[in-house]
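Visitor: Starting off with a structure, shown below.
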Amino acid sequence: MPIAILDDILDTVRHLRCFGKFSHHAVTVWNDHTKDVDLLAARLQDTEVLVLMRERTPIGEALLQRLPRLRMISQISVYPHIDIAACTRHGVLVSSNLYPGAPRFTTVYATAELTWALAMAAMRRIPQQMQSLKAGHWQSGVGLNLRGRTLGLFGFGRIGAVVAGYGRAFGMQVLVWGSPATRERARAAGHATAASQQAFFAGSDIVSLHLRLNDGTRGIVTAEDLARMGT
């Protein structure tokens, strides 16, 4: 069976143990990213099963009508990038391993841990300390503590909720901003919410964004917002 895997940018899938389950199929792994419909249609013209890496590539009517052999799309988590109605019209089954409720995905924790690593590196100036050490010097500073500071979370979904837990474990105050539904979830979890976006940035020492990039969120943080931090 012809199977295509899109957007495996780091070339990880073929090195997973589960990849062996594809051993009797014709698998093509694409390590770049494109949203060009003509290019995707050419690449996937013989594909029967399409495996997506999260939400990177939109799958809509314009592409589906050019993939007559496609029978199934498989991925994990939410699927705002897939036109389900168009898939139904073309007889394409969409399978997504989506669990309601608490975070259960490895990717959720991986992303949250990377987020926290970046926060630690920025506050403790770890990259600068490493460069200083490589240059033959000892400490170039001691950095800043996290305890007692405010962690601002713009968005409070599965990943944001995990990051909030890390913040609490480090003795930080957690402040959340987002849609009314987002703020309600945060309050239900015992976190403070900001009165406005302006108050959110003014009250945060660290800000972590947990929003999907789309037309509604592009440019949502302004230079004026960032200038309010630390005031």
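Visitor: Please give the strands (runs of 3 or more DSSP E) falling wholly within the stretch 140-231 in which 1 or more residues are open to solvent by 30 Å² or more (accessible area, probe 1.4 Å) and of a type in the set (S, T, N, Q).
Guide: 173-177
Visitor: Among the residues of the stretch 123-139, which ones are open to solvent by 70 Å² or more (accessible area, probe 1.4 Å) and either under 30 Å from Val78 (Cβ atoms) or in a loop (DSSP other than H, G, I, E, B) (or both)?
Guide: Arg125, His137, Trp138, Gln139
Visitor: Shifting gears a bit: Listed residues Arg158, Arg124; which is charged (D, E, K, R) and under 14 Å from Ile206 (Cα atoms)?
Guide: Arg124 is the lone residue from the list that is charged (D, E, K, R) and under 14 Å from Ile206 (Cα atoms).
Visitor: Kindly indicate which of Gly136, Gly155 is in contact with a His (Cβ under 9 Å, 6 or more places away or on another chain) and either free of Cβ contacts under 8 Å to residues at least 40 places away in the same chain or at positive phi (or both).
Guide: Gly155
Visitor: Of the residues that sit in the stretch 32-86 and are touching a residue at least 24 places away in the same chain (Cβ under 8 Å) and of a type in the set (S, T, N, Q), which one is farthest from Pro2 (Cα to Cα)?
Guide: If we take residues in the stretch 32-86 being touching a residue at least 24 places away in the same chain (Cβ under 8 Å) and of a type in the set (S, T, N, Q), then Ser77 is farthest from Pro2 (Cα to Cα).
Visitor: If you don't mind, there's one more thing I want to ask. Exactly one condition in (1) open to solvent by 80 Å² or more (accessible area, probe 1.4 Å); (2) within 17 Å of the chain's Cα centre (by Cα) is not met by Arg17; state its number.
Guide: The number of the failed condition is (2).
Visitor: Under 8 Å between Cβ atoms, which residue pairs at least 6 apart in sequence (or on different chains) link something in the stretch 1-27 that is under 17 Å from Ile76 (Cβ atoms) with a partner that is of a type in the set (Lys, Arg)?
Guide: Ala4/Arg43; Leu6/Arg56; Asp7/Arg54; Asp7/Arg56; Asp8/Arg14
Visitor: Determine if the stretch 61-72 includes at least one residue that is at pLDDT below 95 and open to solvent by less than 80 Å² (accessible area, probe 1.4 Å).
Guide: no
Visitor: Ok, one more. Taking the condition in contact with a strand residue (DSSP E or B) (Cβ under 8 Å, 6 or more places away or on another chain) and touching a residue at least 60 places away in the same chain (Cβ under 8 Å), does Val221 pass?
Guide: Yes, satisfied.
Visitor: Moving to a separate point now. Checking the conditions here, which among Ala202, Ala188 is in contact (Cβ under 8 Å) with a residue 24 or more places away in the chain and of a type in the set (Gly, Ala, Ser)?
Guide: From the options Ala202, Ala188, the qualifying one is Ala202.
The values are calculated or read from the model by the stated rules, or taken from the named source; none is laboratory data. A quick note: this is a predicted structure, and the numbers were derived from the prediction, not measured. Reconstructed Cβ throughout: ideal geometry from the backbone, glycine too, with neighbour counts over all protein chains shown. Protein only, heavy atoms only, side chains kept; ligands, DNA and RNA dropped before computing areas. Shrake-Rupley method; radii C 1.70, N 1.55, O 1.52, S 1.80 Å.
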